[in-house]
Structures are given as C-alpha cells and as structure tokens.
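Enquirer: Below: one structure in structure tokens.
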Amino acid sequence: MYKNLKRLYPVFVILLVGGSIVSGWSQGKPENSGYATKEMALSFGWGDVFEPLEMWAAPYYFRGEITIKKEQLPELLQSPIQFYANGKLFWIRGLDIRAIVSSENQSVQTSDTTGRFPIRIPNPMGSNHVAVDSFADQRAHMFTLETQGYLLEHMVEGDYFTFSNYSERSSGVVINSLTVKIENPWEEFSARFSIPYIKGGSDDISSWQIVNIKGNKQFLRYDPSDSTNMKVRGIYSDPSKYGQRRIPAFRSLNRYISDNDLIVPPSQVSRCDTLVQKMLDPYDRQDLIVDQNMKWTLHWGTLEGTYTGKFVKPNEFYGHLDAPMTMQFDDTVLPIHQAKVSMVPVKGEIEQVIIDGRYPDQWISRMNQVPSKTSIYFDEIIVEDQDGLIKLLPLQFLINLL
C-alpha cells in the first residue's frame, strides 16, 4: 500500500513542501495574503484546534506549542491546516510540515490533492472560531488519504507535528517554531527550576551568615557568644540598613544566602497560603549541620522527595497523602514542624503553601488539588533533631507529579 516509503532516518518524517502541499484555490488569493499589516494577531487552525500564536520577535516571527489528545488525531488528519491573521484567513508561503513518528524508521512524501474545505468564521459572541455548514474553495494544507491512514496506524502518544517556514519569508510572516504534540500522560518533563547545590563543607562551618533576600532588609544571623564574628557584626550594626538575629550556638555551612539560593523566585509566586496554626520564622533557628555524605530524603507515606526529583504517577499520588512528612537519613527519622511547599506546573501559575508536616489533616485537601505535570518543591524545612531542638534544615527536595 505504501510504495513510496523509503528508509531515511531513525525517526519517521512526513514532509509537506513545494508540490506536496494540498492546494484548493478560490478565484483569488486570500484577502490579506502578502506582507503583514502593522499589527497582527496570528492564530493556527486545524480541525477543532484553534490557538493564538506568540509573537516572540520583531517584526512578525511567531511560535507556539500545542498539545492534543490521541483521540483528536482522526479528525485533525482529515481537516485543513490554516492560519488566521486578525481573524481572516492568511496564506503562509513555504510552510514545511513534518510528522515525527517514534516507532518507525520510514519517510513518506504526500502528493497533491484538491478539495473544498469548511469555512471557519469568527464567533460573534467570543474569540473562538466555529465551523459552519458551508464550503468554499480555499487554499489550505492537508494530508492525503494515504498519509492519513499511515499516521493513524503508527502515531502514538509523544509523537508530534512541526510547522515552519523559516527559510521562506515572502509572506512577511515567519513561523519560527510551531509544534503540535500528542499528549503522553507518562512522559517525564523538565522541572522549571533546579535545586541549588549546598555550599560549603565540614571544614567551612561559620558562626555567622548574611541573608540577602529581595524585598527584605539584609540581615545577619550569628552566635553572640563567638568573638570571631565581631568584625562582621560591626559591619552590620547599623539598624537603619541591616537587621540582626542573635542565635545562640549558631553554626552554618553557608556564609551568604541570596535569591540565587531559593528554588522559586518570590516574584514568580502568584499565591502563598499559610496552613499552620503558628508560623515559625526559619531564619530565627539554628541550622542543622548536615553530613553531605549521607543520603537525606523527605518521606511522605509512600512518596519520597529527593534532590533530583523522582517521577510519580497520579494513581501513586492522589489518595496517598494522609501520612505525616518526615526527614530521614540512615535509620534516623526527624519530624517536620514546618515546610514551604512550592507547586510549579509545567505551564501555569506557581502557588505555595506553608504546612506542618506532622498534621496532614490540615493540608491534605489542598495537596489533593495539585494538578498533574507539576513539580513539588520542599524548602525552608524546620525539623526536630535527635536532641529535641527545633532547627532549620538547609536542604531542598523535589517530587515530580506526572
């Protein structure tokens, strides 16, 4: 059936370029074909998918990332691929369309067809576009029947389409990068923030620490009984400029903390909720000096937070959050009195909650609302050490929810 299949690459690529583009012509070109107007809102339409593209560079360079479900594929493959500039059809010259199929090592090139495609008009009640029961000869890109059958048989979750006309700019508009990807619910993703590596070592323990967090007055944490920190205490003695935290027996592996040591920049957090009865200031406490040769993990029932972040499936997460959170190293278990939890989705707003790890009934309903494809960070963790002292653990942990 597929006589034109050729073995070319370690992935399967479908090209729709030049003479392989489906062309249905009206008497003239689309109304606004040619060079772009001064202001342009460009959208991508394919079947029931209609998405605005991002103008990311001047004058008219666009990009976009769109996710679809596999059950949408049959309709999409039978639908024309079109673009809309300011709500009107716009012909993108030189568009290169590729379908990347992970399971095949073949390449196929479509042949020309013609057709009459459904008109898509702006919905007068909103910004979405709707298909109506009328047809007209329009210029559009479309897959051939042979290619449709091949893709339906071989495309799986995680495969994707790419659209670009970077090498052909005569239309005045450049699609620099546009991807339509079939959603893979079990695909691992890249966390938006990496956990900073802890500074210092056992030979670099200090009796003072400078904390410089944006939005707060710079302050000094120090052990008042240690005379070796007198010089830095003198530098930070002006209360109009600096603050001081007198912490008996204070010791730290890090002499300086700034925004670079935080996982999530405070300016990017849209909401922070306090779910503890009594808020503790983590910087009023002694630091727990950690042995970096030991494996520290955050345990939460069957879940485990690590430095690199393990991936867990939704059925391993939801419904399993009713256990207290603890810190563990070797055979030692430390209760968590307070922790800042940052919920960072792959796309979307970042939210934080302050929780007491000992009482899951105070926060279980909130944590069950965490959406999939979210990185869950734990920092500013206050623990009870083996001597019953409440200390700040200067480590951070991560769980990635698929």
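Here's the yes/no breakdown for (1) outside the structural domain of K391 (by TED's automatic domain parsing); (2) under 22 Å from L401 (Cβ atoms); (3) under 25 Å from the mean Cα position of the chain (by Cα); (4) of a type outside the set (S, T, Y):
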position: M279; (1), (2), (3), (4): no, no, no, yes
position: L288; (1), (2), (3), (4): no, no, no, yes
position: D291; (1), (2), (3), (4): no, no, no, yes
position: K295; (1), (2), (3), (4): no, no, no, yes
position: L298; (1), (2), (3), (4): no, yes, yes, yes
position: G301; (1), (2), (3), (4): no, yes, no, yes
position: T306; (1), (2), (3), (4): no, yes, yes, no
position: P314; (1), (2), (3), (4): no, yes, yes, yes
position: F317; (1), (2), (3), (4): no, yes, yes, yes
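Enquirer: Also, quick follow-up: Consider D133 carefully, then state whether it is touching a Gly at 6+ places or on another chain (Cβ under 7 Å) and at pLDDT below 85.
Expert: Here the answer is no, as D133 does not meet what is asked.
Enquirer: Here is a follow-up. Looking at (1) surrounded by 15 or more Cβ atoms within 10 Å (Cβ to Cβ); (2) modelled with pLDDT under 90; (3) among the hydrophobic types (A, V, I, L, M, F, W, C), which is the one condition that is false for V156?
Expert: (1)
Enquirer: Another one. For the stretch 183-196, indicate whether the set of residues that are out of contact with any Lys or Arg (no Cβ under 7 Å at 6 or more places or on another chain), part of a helix (DSSP H, G or I) and among the hydroxyl-bearing types (S, T, Y) is non-empty.
Expert: So far as the stretch 183-196 goes, no, none of its residues is out of contact with any Lys or Arg (no Cβ under 7 Å at 6 or more places or on another chain), part of a helix (DSSP H, G or I) and among the hydroxyl-bearing types (S, T, Y).
Enquirer: In the stretch 212-246, how many are surrounded by 11 or more Cβ atoms within 10 Å (Cβ to Cβ), at pLDDT below 95 and small (G, A, S)?
Expert: Residues meeting the conditions: 0.
Enquirer: Which of the residues spanning the stretch 63-82 are hydrophobic (A, V, I, L, M, F, W, C) and either out of contact with any strand residue (DSSP E or B) (no Cβ under 8 Å at 6 or more places or on another chain) or farther than 14 Å from V180 by Cα (or both)?
Expert: L77
Residue-by-condition table, conditions (1) farther than 30 Å from G64 by Cα; (2) in contact with a Phe, Trp or Tyr (Cβ under 6 Å, 6 or more places away or on another chain):
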position: F329; (1), (2): yes, yes
position: V333; (1), (2): yes, no
position: S342; (1), (2): no, yes
position: K347; (1), (2): no, no
position: R366; (1), (2): yes, no
position: S372; (1), (2): no, no
position: I376; (1), (2): no, no
position: I381; (1), (2): yes, no
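Enquirer: Give me the pairs, please: first residue somewhere in the stretch 217-246 and part of a strand (DSSP E or B), second residue anywhere and of a type in the set (G, A, S), beta-carbon distance under 8 Å, and either six or more positions apart or on two chains.
Expert: Short answer, once both residue conditions are applied: F219/G243; L220/G243; R221/S252; Y222/S207; Q244/S237.
Enquirer: Does Q286 satisfy the criteria of being surrounded by fewer than 16 Cβ atoms within 10 Å (Cβ to Cβ), on the phi < 0 side of the Ramachandran plot and polar (S, T, N, Q)?
Expert: The answer is no for Q286.
Enquirer: Has the stretch 309-323 got any residue that is within 16 Å of G357 (Cα to Cα) and without any contact (Cβ under 8 Å) to a residue 40 or more places away in the chain?
Expert: Yes - at least one qualifying residue is present in the stretch 309-323.
Enquirer: Among the residues of the stretch 341-356, what is the count of those that are closer than 15 Å to H299 by Cα and touching a residue at least 40 places away in the same chain (Cβ under 8 Å)?
Expert: The total comes to 2.
Enquirer: Now for a separate question. Name the residues in the stretch 159-211 that are at pLDDT 90 or above and loosely packed, with under 15 Cβ neighbours inside 10 Å, would you?
Expert: I205 - this is the single residue of the stretch 159-211 that is at pLDDT 90 or above and loosely packed, with under 15 Cβ neighbours inside 10 Å.
Every residue, every condition in (1) out of contact with any Phe, Trp or Tyr (no Cβ under 7 Å at 6 or more places or on another chain); (2) of a type outside the set (A, V, I, L, M, F, W, C), yes or no:
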{"site": "Y61", "(1), (2)": "yes, yes"}
{"site": "L76", "(1), (2)": "no, no"}
{"site": "S79", "(1), (2)": "no, yes"}
{"site": "Y84", "(1), (2)": "no, yes"}
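The values are calculated or read from the model by the stated rules, or taken from the named source; none is laboratory data. What you are looking at is a predicted structure, and each value in this text was computed from that prediction instead of being measured. Note that each Cβ is placed from the backbone with ideal geometry, even for glycine, and that neighbours are counted across all protein chains shown.
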